[in-house]
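Q: I am attaching a structure below and will ask some questions about it afterwards.
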Amino acid sequence: MRTRNVPHTEASLLALTNKVGDCLVWQGTKRSNGYGVTVYLGKQTTTHRVMYALHFGGITEVMEVDHTCNRRDCINPEHLQAVTHQENMRLGALRRKSCKAGHEWNERNTYVKEVKRKQGGTRMQRYCRVCRAKHQADLRARRDLTGLNNKGGIVK
């Protein structure tokens, strides 16, 4: 049992986990987004950052700790790696197997489009065909109800 004001150790963090497959799932306090939280060195922070710092040494504020298992409450050091924010976003997108609505990413249901960035340059963006078709149908239905065309004019 951990007492207050005693710095965390790897053992104290591991005592608050359950093993699920290869993951060590944090059973303590969690944020609404699923990340475990704890107080370390007087500051509230995420448990996976604390575990990374204890296991591998310090981590700079600009680096993020990526979960290779894609499970936010996992603190298994073997599943953690320090990366830049850009790399973390890229890896997360590659690991996703479905769109936000749960439709599987596959060749039939996905199309990729080159999108301009605000900072300049371009990037590739993938879209779900099912969600896009539903969105277009919703727009058409809304337009029909309001009697306006897509440019704001009255439809005769």
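The values are calculated or read from the model by the stated rules, or taken from the named source; none is laboratory data. This structure is a prediction, so every number in the text was calculated from the model and none was measured. Counting neighbours? That spans all protein chains shown, and the Cβs are built from the backbone with ideal geometry, glycine included. Remember, those area values only see protein heavy atoms, side chains included, never the ligands or the DNA or RNA. Shrake-Rupley method; radii C 1.70, N 1.55, O 1.52, S 1.80 Å.
Q: Among the residues of the range 1-38, count how many are more than 13 Å from residue 72 (Cβ to Cβ), part of a loop (DSSP other than H, G, I, E, B), touching a His at 6+ places or on another chain (Cβ under 9 Å) and modelled with pLDDT of 90 or more.
A: 1
Q: Could we say that residue 108 is basic (Lys, Arg), open to solvent by 100 Å² or more (accessible area, probe 1.4 Å) and in a loop (DSSP other than H, G, I, E, B) here? Write out each step before concluding.
A: Working: basic (Lys, Arg): yes; open to solvent by 100 Å² or more (accessible area, probe 1.4 Å): yes; in a loop (DSSP other than H, G, I, E, B): yes.
Spelling it out, residue 108 is indeed basic (Lys, Arg), open to solvent by 100 Å² or more (accessible area, probe 1.4 Å) and in a loop (DSSP other than H, G, I, E, B).
Q: Right, something else. With the structure loaded, tell me whether residue 48 is part of a loop (DSSP other than H, G, I, E, B) and in contact (Cβ under 8 Å) with a residue 12 or more places away in the chain or whether it fails that test. Please lay out each step first, then the result.
A: Details: part of a loop (DSSP other than H, G, I, E, B): no; in contact (Cβ under 8 Å) with a residue 12 or more places away in the chain: yes.
No, not satisfied.
Q: While we're looking at this one, here's another question. With (1) without any contact (Cβ under 8 Å) to a residue 24 or more places away in the chain; (2) open to solvent by 30 Å² or more (accessible area, probe 1.4 Å) as the list, and residue 65 as the residue in question, which single condition is left unmet?
A: Only one criterion in (1) without any contact (Cβ under 8 Å) to a residue 24 or more places away in the chain; (2) open to solvent by 30 Å² or more (accessible area, probe 1.4 Å) is unmet by residue 65, namely (2).
Q: Modelled with pLDDT of 90 or more and assigned to a loop (DSSP other than H, G, I, E, B), is that true of residue 132? Steps first, please.
A: Details: modelled with pLDDT of 90 or more: yes; assigned to a loop (DSSP other than H, G, I, E, B): no.
Answer is no for this residue.
Q: Residue 47 is checked against (1) in contact with a Ser or Thr (Cβ under 8 Å, 6 or more places away or on another chain); (2) open to solvent by 60 Å² or more (accessible area, probe 1.4 Å) and fails just one. What number does that condition carry?
A: (2)
Q: Taking the range 30-44 as the search range and keeping residues that are of a type in the set (S, T, N, Q) and under 16 Å from the mean Cα position of the chain (by Cα), which one is surrounded by the fewest Cβ atoms within 10 Å (Cβ to Cβ)? Step through it out loud before you land on a result.
A: Applying the first criterion (of a type in the set (S, T, N, Q)) to the range 30-44 yields 32-33, 38, 44.
Next cut, under 16 Å from the mean Cα position of the chain (by Cα) only: 32-33.
Working: 32: 5, 33: 7.
Only one residue tops the list, namely 32.
Q: Which residues, taken from the range 50-62, are open to solvent by less than 50 Å² (accessible area, probe 1.4 Å) and within 16 Å of residue 85 (Cβ to Cβ)?
A: If the condition is that a residue be open to solvent by less than 50 Å² (accessible area, probe 1.4 Å) and within 16 Å of residue 85 (Cβ to Cβ), then 52, 59 are the ones that fit.
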